[in-house]
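One structure is given below, encoded as structure tokens.
The values are calculated or read from the model by the stated rules, or taken from the named source; none is laboratory data. Small disclaimer: the values here were computed from a predicted structure and weren't measured. Reconstructed Cβ throughout: ideal geometry from the backbone, glycine too, with neighbour counts over all protein chains shown. Protein only, heavy atoms only, side chains kept; ligands, DNA and RNA dropped before computing areas. Shrake-Rupley method; radii C 1.70, N 1.55, O 1.52, S 1.80 Å.
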Amino acid sequence: RAHQPLTLSLDLSVQAAMERVLHGGMKIMNAKGAAGILMEVDTGEVVAVASLPDFDPNDRPAAPTEGNPDDSPLFNRAVQGVYELGSVFKVFSVAQAMELGLVNPDTMINTKSPMQWGKFRIRDFRNYGPELSVTKVIVKSSNVGTARIAMDIGAERQRDFLDQLGFMQASPLEITEASGSAPLLPKNWSELSTMTISYGHGLSTSPMHLAAAYATIANGGRQVTPTLLHDAARPPGARVISETTADAMRQMMRKVVSEGTASFGEVPGYAVGGKTGTADKPKARGGGYYDDKVIATFASIFPAHDPKYVLIVTLDEPVETSGEEPRRTAGWTAVPVAAEIIRRVAPLMGLRPEIEPADLAAIRRASN
């Protein structure tokens, strides 16, 4: 507004703490690079954003003339890093199916693996048996279950929903490099595309897009536009899903941490919820994917019962080596890094640890 000072949403204390933890996590997990985004769920205001490796603006490196763009510290992974992000997308598939009335959290889904579609086979990381509830599809992260749900949604409705979440255009964040980083969409949005996109393959997008979409679910279903500008009078966005659907999704995401693939994400007093995603990294040339390189992401919300913030942590080519076998999945790499960030920054933002509300349905009256 005219004659008023520009106020940014960034918190320098939180920014410094997140960068420090993210840098340490990147080194411990032997990752090539990392991105972190902390966003307010109601406003889309970015409290902290980091892309590593970093550089000193007073000693700016030369722009790369060969190799991959993300080999350079000038590459902003938070907005320019357009990747297939994997199973973090399953949340959107289930949320849309519930909003359409196709399923509820207890609906049983066929998860027989592999799932055959023409000459293609869709498999799960493990054999989860012949069927799972919708909640368990998210908690255990079943590709097959999510793909079957997506088939009922259909390509056109899936595309429209992802458009509402902001996945069809470049992020409107107020930095130069964001405007040139539009998601990579399939040329032919086929039934196979619908199935693979449901679990985060076949559509490439940035961590900033992901943060805004998770904020939309976390805040009760209202559309979020990411921004670096603080505005205390910013009106809420358009409704994308109902509060009932959003609440059910938050409960599922909480279970992903309390009993699922993100168990290392537990931070006492902050009721973390979220979804893991481990996607094979595509080769820069010649097509196909690497056998031993992944993009690992944890999209988290906290506190899950009354979300205030979304935190996205993405690691490029992480390898956790404390065990006998190298581990690359997000549950072993991105999740513990995100948990340490939450542990460090939540008190800085005035969030006090609190006892998580009990499930009223689980409370039983005890006789005297």
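Of everything listed in (1) surrounded by 15 or more Cβ atoms within 10 Å (Cβ to Cβ); (2) under 16 Å from His209 (Cβ atoms); (3) hydroxyl-bearing (Ser, Thr, Tyr), the single unmet condition for Thr146 is (2). Among what's in segment 339-368 and is part of a loop (DSSP other than H, G, I, E, B) and among the small types (Gly, Ala, Ser), pick the residue that is modelled with the highest pLDDT. So, considering only residues that are part of a loop (DSSP other than H, G, I, E, B) and among the small types (Gly, Ala, Ser), the one modelled with the highest pLDDT is Ala346. Taking first residues from segment 251-263 that are free of Cβ contacts under 8 Å to residues at least 60 places away in the same chain and partners that are among the aliphatic types (A, V, I, L, M), the Cβ contacts under 6 Å between residues at least 6 apart in sequence or on separate chains come to Arg254/Ala304; Val257/Val272.
Pairing each residue of segment 304-323 that is over 21 Å from Lys255 (Cα atoms) with any residue that is of a type in the set (S, T, N, Q) and surrounded by fewer than 20 Cβ atoms within 10 Å (Cβ to Cβ), provided the two are 6+ apart or on different chains, yields C-beta distances under 9 Å for Glu317/Asn30; Pro318/Asn30; Val319/Asn30; Glu320/Asn30; Thr321/Asn30. Checking every residue in segment 8-30 against the condition of being in a strand (DSSP E or B), within 25 Å of Asn219 (Cβ to Cβ), touching a Pro at 6+ places or on another chain (Cβ under 7 Å) and not aromatic (Phe, Trp, Tyr) gives zero matches.
Test Val139 against the stated conditions and say whether it is touching a Lys or Arg at 6+ places or on another chain (Cβ under 7 Å) and either within 27 Å of Gln223 (Cα to Cα) or of a type outside the set (Gly, Ala, Ser) (or both). Answer is yes for this residue. I want to confirm something. Restricting to segment 186-218 and keeping residues that are touching a Pro at 6+ places or on another chain (Cβ under 6 Å) and assigned to a helix (DSSP H, G or I), which single residue is farthest from Ala246 (Cα to Cα)? So the residue we want is Ser193.
In summary, Leu85 fulfils each of the numbered conditions (1) free of Cβ contacts under 8 Å to residues at least 12 places away in the same chain; (2) within 20 Å of Leu173 (Cα to Cα); (3) not basic (Lys, Arg) with the single exception of condition (1).
Scoring Ile301 on the criteria (1) of a type in the set (A, V, I, L, M); (2) under 20 Å from Ser198 (Cβ atoms); (3) at pLDDT 95 or above leaves a single failure, condition (2).
When the residues of segment 185-205 are filtered to those that are open to solvent by less than 10 Å² (accessible area, probe 1.4 Å) and in contact with a Leu (Cβ under 9 Å, 6 or more places away or on another chain), the one that is nearest to Val313 (Cα to Cα) is Thr205.
Residues in segment 82-92 that are open to solvent by 10 Å² or more (accessible area, probe 1.4 Å) and of a type outside the set (Asp, Glu): Val82, Tyr83, Ser87.
Residues checked against (1) of a type in the set (Gly, Ala, Ser); (2) at pLDDT 95 or above:
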{"residue": "Pro236", "(1), (2)": "no, no"}
{"residue": "Val240", "(1), (2)": "no, yes"}
{"residue": "Met249", "(1), (2)": "no, yes"}
{"residue": "Gly265", "(1), (2)": "yes, yes"}
{"residue": "Gly273", "(1), (2)": "yes, yes"}
{"residue": "Gly277", "(1), (2)": "yes, yes"}
{"residue": "Lys283", "(1), (2)": "no, no"}
{"residue": "Gly288", "(1), (2)": "yes, no"}
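Selection over segment 38-81 of residues that are open to solvent by 40 Å² or more (accessible area, probe 1.4 Å), in a helix (DSSP H, G or I) and among the acidic types (Asp, Glu) gives a count of 2.
Pairing each residue of segment 139-166 that is at positive phi with any residue that is in a loop (DSSP other than H, G, I, E, B), provided the two are 6+ apart or on different chains, yields C-beta distances under 6 Å for Ser141/Thr261.
When Ala215, Ala182 are checked against the criterion of being hydrophobic (A, V, I, L, M, F, W, C) and buried (at least 19 other Cβ atoms within 10 Å of the Cβ), Ala215 stands alone in meeting it. Every condition in (1) modelled with pLDDT under 95; (2) surrounded by fewer than 21 Cβ atoms within 10 Å (Cβ to Cβ); (3) in contact with a Ser or Thr (Cβ under 8 Å, 6 or more places away or on another chain) is met by Phe120 except one, and the failing one is (3).
At least 2 residues being farther than 29 Å from Arg352 by Cβ and open to solvent by 40 Å² or more (accessible area, probe 1.4 Å) is the threshold, and among the strands (runs of 3 or more DSSP E) wholly inside segment 223-338 those reaching it are 273-282, 289-302.
Taking the condition of being over 15 Å from the mean Cα position of the chain (by Cα) and of a type in the set (A, V, I, L, M, F, W, C), how many residues in segment 304-340 meet it? Here the count works out to 2.
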